[in-house]
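Asks: Mind having a look at this structure? Questions to follow.
The values are calculated or read from the model by the stated rules, or taken from the named source; none is laboratory data. Only a predicted model underlies this, so the values are computations on that prediction, with no experimental measurement involved. Using ideal geometry, Cβ is built from the backbone for each residue, glycine included, and neighbour counts are taken over all protein chains shown.
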Ligand SMILES: NC(=O)c1ccc[n+]([C@@H]2O[C@H](COP(=O)([O-])OP(=O)(O)OC[C@H]3O[C@@H](n4cnc5c(N)ncnc54)[C@H](OP(=O)(O)O)[C@@H]3O)[C@@H](O)[C@H]2O)c1
């Protein structure tokens, strides 16, 4: 496993270099994800027709929402059916082209799915050329769904202001680490909750969080009360459950609770109790609001412009946890639910030994 800001990608304009494989949904998860929920199959190499390109996948991004698609639990996108290719965003390189606008060697990002190769006419929405001056890690992390989620959740719903106190859960994960930095850039005092000392140190020493709480070692209730004596103005929640209840118990007047995710409940199969302290929303005249990032699609360009500027100025940092090898996709998704990632969880389709050495260094 590699943990670093991903800065290179192999560019290949010599045609397909291996066999084609797909990962399919084999069974719906019952509780925790297992390797048996996925099936790796060999498939014929597709051939690009007129106007089409053949894309070789380089990196795929992993997200907790994938489990909801596999379970047919969520309703904001179509569920995956058994036998479907796993859905997912990634970064690939055009290796054969019948489209002069996208010659061999062009890097593309978007919904590639868990496929080593695919043919596209580039007319269906989602795939776009990767700008020359951004790194592949940034494209799949801060400038992908992760950064967009953090941007709209924190800035549109949380609306942190100078001097306010902001608490973020799963703060050393992909979304939380960007959301917390955006609150810092808005002038707020930011506290992150994360599992383990290494994650907490990263938040404070590299990302500029004011404090971090290691929920695996400390009492979150005691630490939140001690660190936030005047209460929380914003709570950006990725976890739900007990952490949400603790935050609700510590709200300042007019606080904003942003419901981004609830990963602590994603492995539960039965009825899950709601937060006990919700009535504090009434006493504190506070607001709790969920959101789905896809609803902001018309404003993605605005967010990408702002996030790109923060990346270039060095105000926004990011890190990727990269597993090597296409066959490790299920492990990488399972890893997210075990907290094994710092920053964005990715899979590099090739292992380092496979790479021919003509990496494009983008930043
Ligand atoms: N609303 C939207 O449109 C939207 C869009 C994208 C993502 N999301 C949500 O945002 C959240 C973060 O997603 P991400 O892609 O950025 O993943 P991520 O935070 O990079 O990875 C998940 C992290 O969650 C923590 N975690 C896992 N199981 C946990 C548990 N049982 N209790 C507490 N923490 C647990 C782990 O960190 P620790 O080691 O710190 O526990 C893990 O690293 C998820 O809830 C996701 O569903 C929402």
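Asks: Given (1) surrounded by 22 or more Cβ atoms within 10 Å (Cβ to Cβ); (2) under 20 Å from the mean Cα position of the chain (by Cα); (3) more than 16 Å from the ligand (Cβ to nearest atom), where does residue 116 come up short, assuming only one miss?
Replies: (2)
Asks: Search region 175-195 for residues being closer than 18 Å to residue 265 by Cα and in contact with a helix residue (DSSP H, G or I) (Cβ under 9 Å, 6 or more places away or on another chain), and hand back the single one that is farthest from the ligand (Cβ to nearest atom).
Replies: Here the answer is 193.
Asks: Only residues that are closer than 18 Å to residue 348 by Cβ and within 16 Å of the ligand (Cβ to nearest atom): list them for region 67-101, please.
Replies: Of everything in region 67-101, those that are closer than 18 Å to residue 348 by Cβ and within 16 Å of the ligand (Cβ to nearest atom) turn out to be 86, 88, 89, 90.
Asks: Could I ask something else about it? Being surrounded by fewer than 24 Cβ atoms within 10 Å (Cβ to Cβ) and in a strand (DSSP E or B) is the filter here; which residues of region 187-209 pass it?
Replies: 189
Asks: Okay, moving on. Hey, could you check region 241-281 for residues that are in contact (Cβ under 8 Å) with a residue 40 or more places away in the chain, within 20 Å of the chain's Cα centre (by Cα) and crowded, with 19+ Cβ neighbours inside 10 Å and say which is farthest from the ligand (Cβ to nearest atom)?
Replies: 258
Asks: Condition test on residue 96, is it at pLDDT 95 or above, surrounded by 19 or more Cβ atoms within 10 Å (Cβ to Cβ) and assigned by TED's automatic domain parsing to the domain that holds residue 32?
Replies: yes
Asks: For residues that are out of contact with any helix residue (DSSP H, G or I) (no Cβ under 8 Å at 6 or more places or on another chain) and within 14 Å of the ligand (Cβ to nearest atom), scanning just region 141-163, find the one that is farthest from residue 60 (Cα to Cα).
Replies: The selected residue is 157.
Asks: Here's something else I'd like to know. Quick one: would you say residue 303 is exposed (fewer than 11 other Cβ atoms within 10 Å of the Cβ), within 16 Å of the ligand (Cβ to nearest atom) and either under 20 Å from residue 182 (Cβ atoms) or not assigned by TED's automatic domain parsing to the domain that holds residue 246 (or both)?
Replies: Here the answer is no, as residue 303 does not meet what is asked.
Asks: Only one of (1) in a helix (DSSP H, G or I); (2) within 16 Å of the ligand (Cβ to nearest atom); (3) in contact (Cβ under 8 Å) with a residue 60 or more places away in the chain is not met by residue 316, so which one is it?
Replies: (1)
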